[in-house]
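As structure tokens, the structure follows; a few thoughts come after it.
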Amino acid sequence: MSVVDLLSLSGKRVLVTGGSRGLGLGMARGMREAGAAVAIMSRTAEQVHTAASEISALPLVADANGDPAQILTEAEELLGGGIDCVVHAAGIQHRAAAEEFPAEEWDNVLRTNLTAPFRLSQELGRRQLQAGCSGSHIFIGSLTSTLSIRGITAYTASKSAIYGVIRSLSTEWAGRGIRVNGIAPGYFRTNLTESVFSDPETYANMLRRIPMERFGDPKELAGPAVFLASDAASYITGQLITVDGGWTAA
């Protein structure tokens, strides 16, 4: 089988949380182009229906913090069978100095960025193991999975912990056919990072840190996502692939 054949996602069923915009939409588009049947999930009905129509995906209106069993059952009904791959792209951000960080915002960020994706993968993994199926789980980390940036303590905590979840789940499930990996994006212009891009000084400081001298485009995450979902990555698990224009290498 050729490498091109291995990269094909034809016949695969993929669920992308947070798939109606930004990085999630970029990865969902790549999955569709690689031949997968894709359900994109968002709690905003109008937005998810518009995005699904744009990339020929299936819309799932649901909150990432909702019941994972219900989410997966609805996704399976939409896609006509068991989920082969989940991409955890849903996430939130709150910016505040560490000494002023509100407790309720801490809880909200950790619940959405860490607990929700773990619980969804836990339920999907349970179903895949019971069915004797292989699978690929793709978590979205960050530069802050391995380094710190001021003013986003809860986000940094959640993304550092996601790297731990990736390693732990991969260790538990690798021998039973389920691969668990992650993608750590650098700075891409999305709703989550708009405050950075709208501040000229912060924008310039961030740009100086990137050896490629530009920010990322969401479509540039499609390749890594398709690769990790595909049979071309059949011997890769427990890894966090950084896509940052060289930031962490500099």
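The values are calculated or read from the model by the stated rules, or taken from the named source; none is laboratory data. Here the structure is a predicted model, which is why all the values come from computation and not from measurement. FYI the Cβ positions are ideal-geometry reconstructions off the backbone, even for glycines, and counts take in every protein chain you see. Keep in mind that these areas ignore ligands, DNA and RNA; they rest on the heavy atoms of the full protein, side chains included. Shrake-Rupley method; radii C 1.70, N 1.55, O 1.52, S 1.80 Å.
For I92, which sequence-distant residues (separation of 5 or more, or a different chain) have an amide H within less than 5 Å of its own amide H, given hydrogens modelled in the peptide plane?
Excluding prolines and chain starts, which carry no amide H, the hits are N113.
Taking Cα pairs under 8 Å and at least six residues apart, what relative contact order does the chain come out at, in percent?
Numbers: 494 pairs, mean separation 54.6, N = 250.
Normalised by residue count, the contact order of the chain is 22 percent.
Tell me whether region 93-250 comes out rounded, prolate or oblate; compute the Cα gyration tensor, take square roots of the eigenvalues as a ≥ b ≥ c, and use a/c under 1.5 as the rounded threshold. Please list the in-between numbers first.
Working: a/c = 2.55, a/b = 1.48, b/c = 1.72.
Here region 93-250 falls in the oblate category.
Just to confirm a number: summing +1 for Lys and Arg and -1 for Asp and Glu over residues other than A222 whose beta-carbon lies under 15 angstrom from that of A222, what do you get? Mind showing how you got there, number by number?
Working: positive: K12, R21, R29, R32, K219; negative: E33, E54, D217, E220.
Neighbourhood net charge equals +1.
Label region 116-200 by shape, choosing from rounded, prolate and oblate, from the square roots a ≥ b ≥ c of the eigenvalues of the Cα gyration tensor; if a/c is under 1.5 it is rounded, and otherwise prolate applies when a/b is larger than b/c, oblate when it is not. It would help to have the intermediate numbers written out before the result.
Details: a/c = 3.04, a/b = 2.48, b/c = 1.23.
It comes out prolate by the Cα gyration axes.
Can you tell me, using C-alpha contacts under 8 Å and at least 6 residues apart, the relative contact order of region 177-250 as a whole percent? Let's see the in-between values first.
Values: 81 pairs, mean separation 40.2, N = 74.
RCO, region 177-250: 54 percent.
At 25 °C and 0.890 mPa s, grab the translational diffusion coefficient of region 1-113 from Stokes-Einstein with a Kirkwood Rh over Cα pairs, rounded to a whole number in µm² per second.
Calculated translational D: 164 µm²/s.
Using the Karplus curve 6.51 cos²θ - 1.76 cosθ + 1.60 with θ = phi - 60°, work out ³J(HN,Hα) for each residue of region 108-117 in order, rounded to whole Hz, and write x for Gly and Pro.
Values per residue, Gly and Pro as x: 5, 5, 5, 5, 7, 8, 10, 5, 4, x Hz.
When the chain is modelled as a GNM with alpha-carbon springs shorter than 10 Å, which of D199, D84, D63 fluctuates the most?
Of D199, D84, D63, the most mobile in the Gaussian network model is D199.
For the Cα atoms of the chain, what angle does the longest principal axis make with the long axis of helix 22-33, in degrees from 0 to 90, nearest 10?
The angle comes out at about 30 degrees.
Say R0 is 22 Å: what FRET efficiency, to the nearest 0.05, do T146 and N108 get from their beta-carbon distance?
For R0 = 22 Å, the calculated efficiency reads 0.40.
Would you calculate the separation in nanometres between label points at R167 and T202, each defined as 7 Å from the Cα along the Cα-to-beta-carbon direction?
In this crude label model, R167 to T202 measures out at 3.0 nm.
At 0.36 nm per residue, minus the direct Cα-Cα distance, what do Y235 and Q70 gain on full extension? Give it in nm, one decimal, please.
The Y235-Q70 span can extend by a further 56.3 nm.
Can you list residues from other chains, or at least 5 along the same chain, whose modelled amide H is less than 5 Å from the amide H of I178?
G135
Which cross-chain or sequence-distant (5 or more) residues have an amide H under 5 Å from the amide H of K12, H modelled 1.01 Å from N in plane?
A37
Can you run phi through the Karplus equation (6.51, -1.76, 1.60; θ = phi - 60°) for region 217-222 and list ³J(HN,Hα) in whole Hz, with x for Gly and Pro?
10, x, 5, 7, 8, 4
What's the extension gain from E77 to V61 if we count 0.36 nm per residue and subtract their Cα-Cα distance? Intermediate results must be reported in sequence, preceding the final value.
Numbers: separation 16, 0.36 × 16 = 5.76 nm, distance 1.31 nm.
Working it through step by step, the gained length comes to 4.4 nm.
At a 1.4 Å probe radius, carbon and sulfur cover how many percent of the accessible area of the chain? Show your work: numbers first, answer last.
On the way: 5780 of 11660 Å².
Carbon and sulfur atoms account for 50 percent of the accessible area of the chain.
Pop the C-beta distance of R126 and A97 into the FRET formula with R0 = 25 Å and round what comes out to the nearest 0.05.
Values: r = 40 Å, r/R0 = 1.60.
According to the calculation, E is roughly 0.05.
For a Förster distance of 35 Å, can you work out the FRET efficiency between the beta-carbons of S2 and M212, rounded to the nearest 0.05? If you can, show how the numbers build up before the last one.
Numbers: r = 30 Å, r/R0 = 0.87.
The calculated FRET efficiency here is 0.70.
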